[in-house]
Amino acid sequence: MNGGRLRRISFFCLPFLCIPLLSLSVDQRTAQRIDEEIERHNAEIVKIRRFIHMNPELSNREYETAKLVASKLASLDLDVQTEVAKTGVVGLLRGGQPGATIAIRADMDALPIQELASVPFKSLNPGVMHASGHDVHVSIALGTAMVLSTLRDKIKGNIKFIFQPAEEGPPQGEEGGAELMIKEGALDNPPVRAIFGLHVWPDELGQVDFSPGFIMASSDWFQIQIKGKSSHGARPQEGIDSVVLASQIVLALQSVISREIDPTDPAVLTVGKIEGGTRSDIIADSVTLEGTVRALSEANRKKIPRLIESLVKGITQSYGASYVFNYEPSIPPVYNHPELAKDMLPTLIRLLGEDHVKGLTPQMVAEDFSHFAQKIPGFFFFLGVKTLGSQPGGTLHSPNFNPDERSIPLGIKIMAHLLLDCLARQSALGTFAPKSF
Ligand SMILES: [Zn+2]
Ligand SMILES: [Zn+2]
């Protein structure tokens, strides 16, 4: 995978976003229709969510999920494209009024986890579970398509529904995810001007968390192979002990973040795997370390691999050992376009109340939505799914993760309003020809 280069999109180059703060939001009648449509479709949407939850599929293998999504979108009379980036589905909802195209993205893949939550709609696929809530994401995006397809006359432009495979990362040796969807044209034809996404979050139901700017970290992979020399465990002077070198390297790596990186610009370096040696009484000739680096800035993203390598080089050389260093940039940090965020904040406050829209310190987890948000202005937020007053349940990626399903109609309502408000703002440009976007 390739992280690409982070490109900040200048607000000033984008007439699309340069709209005065007019009261351009969904009118009362439309808001009421949105509520009615959500109510009308709610049972079906929950049924869809439970079906997807019971039939989770791993990254790049989302065949049945994609089939369900594509047939639902086709039944709503959207233009549907399948097999985008392997199992991805793209549906285009053409609005009744002219305008730009914007998108909503939902990820579809599950995780290799055995579900332990005691729900009546437990996973039927042993060892596979929707523990990251992507079943909820798909249901919210599909529900938004169901609701907005009945309101075409109100839509000033088009809405693209992007159902993406492999957010959790494609299997070894395969391409996939947001990057491949972009490569295969998900943001083209018609060109998409802004994109919206969400992730379920173990905050309380009714709560939305988000911040402008960097909201989630990059995620890069590294591997260090230390090559020493084998000898009898009782004759260490004849060998070069890779285990001792690996131990020194793991400890020394801790100083990269704590001593070399600006503490106000967070980064994480974790060695998650050590492998090496054959027997207790043999000096190991080789040890392999694997880890992850998380950062919120491109500056740190570039600096950290250099620091790791110089440290590994220094330690191995001083003992006459050698090394191989592999570093793969994978997912860039998620960037919430500040102007788009500023424009959309009143929509969130209108729907949820000021107390329920919380600022969020950047999270060091990663999301490949960042690839989309590198190309066009992106708006990404976290949707609370923890039942009010409940004990802290399973967190994301845990076998007990069990989001409150009432987050689905709420997510649909938020997305429907955000998309309509965004297009209404865009159409207020009036005199701008589409080519000037
Ligand atoms: Zn996940
Ligand atoms: Zn996820």
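Of ILE240, ILE331, ILE102, the residue with the greatest mean-square motion in the GNM of the chain, using alpha carbon springs below 10 Å, is ILE240. Computed in the context of the full set of protein chains, the accessible area of the chain at 1.4 Å probe radius has 52% of its extent on carbon or sulfur.
Compute the accessible area per residue over region 348-428, keeping the other protein chains in place, probe 1.4 Å, unit Å².
Numbers: 2910 Å² over 81 residues.
I get 36 Å² per residue for this part.
Note on region 138-240: Rg/Rh from Cα positions, Kirkwood definition for Rh, rounded to two decimals, is 1.25.
Once the gyration tensor of the Cα atoms in the chain is diagonalised, the equivalent ellipsoid follows with semi-axes of 44, 24, 19 Å, ordered largest first. SER25 contributes about 60 Å² of solvent-accessible surface, heavy atoms of the protein only, 1.4 Å probe.
Once the Cα atoms are used to define both axes, helix 134-149 deviates from the longest principal axis of the chain by about 20 degrees.
Just name one of LEU93, LEU58, GLN81: the one whose Cα is farthest towards the positive end of the charge dipole of region 42-98 (beta-carbon charges, Lys/Arg +1, Asp/Glu -1). In region 42-98, that residue is LEU58. The residues of region 139-184 present an accessible area of 29 Å² per residue when probed at 1.4 Å with all protein chains retained. Can you give the angle from 0 to 90° between the axis of helix 28-54 and the longest principal axis of the chain, with both taken from C-alpha atoms, to the nearest 10? Result, in degrees: 40.
Is region 40-165 rounded, prolate or oblate when judged by the Cα gyration tensor, a ≥ b ≥ c being the square roots of its eigenvalues, rounded requiring a/c under 1.5 and prolate requiring a/b larger than b/c? Prolate, because a/c is 1.5 or more and a/b exceeds b/c.
When the dipole is taken about the Cα centre of region 302-367, and only Lys, Arg (+1) and Asp, Glu (-1) are charged at their Cβ, what size is it in debye, to the nearest 20?
Working: 7 positive and 7 negative charges, 65 e Å.
Using Cβ point charges on Lys, Arg, Asp and Glu, region 302-367 gives about 320 debye.
Cα convex hull, region 310-435: 200 Å³ per residue, rounded to a whole number.
Assign unit charges at the C-beta atoms only (+1 for Lys and Arg, -1 for Asp and Glu), then state the dipole size of the chain relative to its Cα centre in Debye, rounded to the nearest 20. Walk me through the numbers before you get to the answer.
On the way: 43 positive and 49 negative charges, 162 e Å.
So the magnitude is around 780 debye.
The angle between the Cα long axis of helix 63-75 and the main principal axis of the chain comes to about 20°, on a 0 to 90 degree scale. A 1.4 Å probe over all protein chains sorts TYR323, TYR335, TYR63 by accessible area into TYR63, TYR323, TYR335, starting with the largest. Across the options VAL136, LEU251, LEU148, the greatest Cα extent toward the positive end of the charge dipole of region 129-258 (unit charges at beta carbon of Lys, Arg, Asp, Glu) belongs to LEU148. The listed residues LYS273, LYS229, LYS160 rank as LYS229, LYS273, LYS160 when sorted by accessible area, largest first, using a 1.4 Å probe.
For LYS302, LYS47, LYS358, LYS72, give the ranking by accessible area with the largest first, probe 1.4 Å.
Numbers: LYS302 115, LYS47 150, LYS358 90, LYS72 40 Å².
Final ranking, largest accessible area leading: LYS47, LYS302, LYS358, LYS72.
Listed by chain and number, the lysines placed with their C-alpha closer than 28 angstrom to that of LYS160 are LYS47, LYS67, LYS72, LYS86, LYS183, LYS342, LYS358, LYS375, LYS413, LYS435; residues fewer than eight positions away on the same chain are left out. Taking every protein chain into account, the accessible area of region 204-283 amounts to 51 square angstrom per residue (probe 1.4 Å).
The values are calculated or read from the model by the stated rules, or taken from the named source; none is laboratory data. All values reported here derive from a predicted model rather than from experimental measurement. All Cβ positions, glycine included, derive from the backbone under ideal geometry; neighbour counts span all protein chains shown. Heavy atoms of the whole protein, side chains included, go into the accessibility calculation; ligands, DNA and RNA do not. Shrake-Rupley method; radii C 1.70, N 1.55, O 1.52, S 1.80 Å.
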